[in-house]
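Bear in mind that the values in this text are calculations on the coordinates, not laboratory data. Keep in mind that what you see is a predicted model, and the values were worked out from it rather than measured. Don't worry about glycine lacking a Cβ; one is built from the backbone with ideal geometry, like all the others, and counts go over all protein chains shown.
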Amino acid sequence: MNTIPLLKLLSDGEVHSGESLAASLGISRTAIWKQVRKLLDKGIEVKTIRGRGYQLASPMDLVTREGIEQSLSDPARKDMALKVLGQVDSTNTDITRRWQDGERGLLVSVADSQQQGRGRRGRVWQSPPGQNLYMSVGVSLNRGFTELDGLSLVAGLALLEALADKGLSLPTLKWPNDVLVEGRKLAGILIELQGELEGVVRVIVGIGVNVHMQEASSVDQPWTSLDLCGPATDWRRDELAAGILNRLVDYLSDFESSGFTGFAEQWNRFDAFKGRKLVASSGNLAGIGRGVDETGNYLLETTDGLERVYAGEISLRVAQ
């Protein structure tokens, strides 16, 4: 049962009669009631107002294919196969399925909500409906596995700059793949690599951005959302998705040609760890953050000199 058309009609937050909704969608009032129940099962609060009709508890910022496409740049739109979903297990998994079904080119999957959203190291990414931005980009890069160092940093940089373009103030990058505001996690990147064939690797860039979320009791780390960062800004998920894709497609092309080297200085300008006392999650390693090198490894100034920390090996955190 596709509830998206109904949700679009209700998204303005106004009261809509069952009769008018049924007429607009060409279905019965009983079918409208069943779809309302389906929305409630998904966690979307719809009020039934006796004698008047249905109303969302608050207006909803829907994510739509049409809204994303109208804000895409020509380079980003070229060869892009954009798919927008209401609910999915995870957008990264959806890209894998699309490859298995024979789709090729630049694949993009965007979802209103995820049931099995994942973060780094297998952590659950909170993915309620109508709140945040969940998207994945599937692309084939003419680089081998050993030449992909720094890819997550490039994706994170594209994400940060796209958000800054839309009005986000003072974002920083937490190595290797998070966007922070005032030390709180706003967004994250999850990179997955699949099969190398003749120097070409299939890459999935998964992106999660907290947009409207106001509470998340099960999250075990400091977090924030765009609404909490800047309530004066009207954050729209369609516009955010398009802005991120515009930056990311451009940066992935540059990375494919030249690797991470040309991005290192740019990335270091936003380093959340720079000059701070850090400790590693393992290995008794501690030191002062000194940014990343030309391949994306993080540099720690220790008592024994500069140490390079490799993404995927261990994680870093600010010393208490």
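The long axis of helix 237-258 is offset from the longest Cα principal axis of the chain by roughly 30 degrees. The GluC sites (Glu not before Pro) of region 190-223 that DSSP puts in a loop, and whose beta carbon has at most 15 other beta carbons within 10 Å, are 198, 215. Relative to the first principal axis of the alpha-carbon coordinates of the chain, what is the inclination of helix 91-100, with its axis defined by its Cα atoms, in degrees from 0 to 90 and to the nearest 10? Roughly 90 degrees between the two axes. Orientation-averaged projection of the chain equals 18.0 nm² [convex hull of Cα atoms, one quarter of hull surface area]. Ranked by how many other Cβ atoms sit within 10 Å of their own Cβ, fewest first, the residues 234, 271, 89 fall in the order 234, 89, 271.
Radius of gyration over Kirkwood radius for region 273-318, both on Cα atoms: the Rg/Rh ratio is 0.90.
In a DSSP loop and with at most 12 other Cβ atoms within 10 Å, the trypsin sites (Lys or Arg not before Pro) in region 1-93 are 50, 52, 78. Each helix, a run of at least 4 DSSP H residues, gives -39500 (n - 2.57); summed and divided by the residues of the chain, these come to -8500 deg cm²/dmol at 222 nm. A simple spin-label model places pseudo-atoms 7 Å from Cα toward Cβ; at residue 37 and residue 282 they are separated by 5.0 nm.
Each of 32, 4, 191, 244 was scored by other Cβ atoms within 10 Å of its Cβ. Listed from fewest to most, they are 4, 191, 32, 244. Computed on the chain, with alpha-carbon pairs under 8 angstrom and 6+ residues apart, the relative contact order is 14 percent. When its C-alpha radius of gyration is set against 2.2 N^0.38 Å (N residues), region 242-320 gives a value of 1.24.
Here's how it looks for residue 180: its modeled amide H is under 5 Å from those of 172, 173, 174, 186, which are all 5 or more places away or on a different chain.
With bins 5 Å wide beginning at 0, the percent of Cα pairs of region 42-116 falling in each bin runs 3, 13, 19, 17, 17, 11, 8, 7, 4, 2, 0.
Extending 7 Å from Cα along the Cβ direction at residue 8 and again at residue 97 yields two label points whose distance is 2.1 nm. Compactness check for region 4-56: Cα Rg over 2.2 N^0.38 Å is 0.98. Using a simple spin-label model with pseudo-atoms 7 Å out from Cα toward Cβ, residue 257 and residue 30 lie 6.2 nm apart.
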